Amino acid sequence: MQSIDDIFQYAPRLKSLTETILFADIWERPQLNPRERSMITLSVLAALGRSEQLPFHLERAEQNGLSKAELGELFTHLAFYAGWPAAVTALDRLNLDRLNKE
């Protein structure tokens with residue numbers, strides 16, 4: 001995956017909005033904790049087939065306290081609502097993420 005600076009090189013305002021609104025405001029609201037927000041975000045990304053965004057959010061989910069076993073269960077549960085291909089693609093990203101860290 002590209003660096004954040006590379007991704008937003010032609011849209012610096014979008015980078016600023018992402019940092020100040022999405023991550024500094026939405027992710028910090030007290031109604032849902034970061035762990036819950038990670039579960040929601042991963043579910044939506046997987047269901048919509050946005051697998052290119054999964055590595056960043058898988059890492060963030062682990063930082064927010066989700067274990068690999070919980071992530072596996074999340075994607076297993078998701079298979080019945082979003083379909084097998086979405087769940088298997090997400091699990092593949094989880095496995096690739098693990099392999100890249102070893």
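Each value in this text was obtained by applying a stated rule to the coordinates, not by laboratory testing. All values derive from a computational prediction rather than experimental measurement. Positions of Cβ are backbone-derived with ideal geometry, glycine not excepted, and every protein chain shown enters the neighbour counts.
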What fraction, in whole percent, of alpha-carbon pairs in the range 33-102 exceed 13 Å separation?
-> 58
Please work out the FRET efficiency for the pair Thr20 and Ala79, using the Cβ-Cβ distance as r and a Förster radius of 25 Å; give the result to the nearest 0.05.
-> 0.10
Euclidean distance between Cα centres, the range 42-100 to the range 25-39, Å = 17
If you take the beta carbon distance between Ile40 and Gln9 as r and set R0 to 25 Å, what does 1/(1 + (r/R0)^6) give as a FRET efficiency, to the nearest 0.05?
-> 0.30
Using only the Cα atoms of the range 1-73, build the gyration tensor, take square roots of its eigenvalues as a ≥ b ≥ c, and label the shape rounded, prolate or oblate: rounded if a/c is under 1.5, else prolate if a/b is larger than b/c, else oblate.
-> oblate
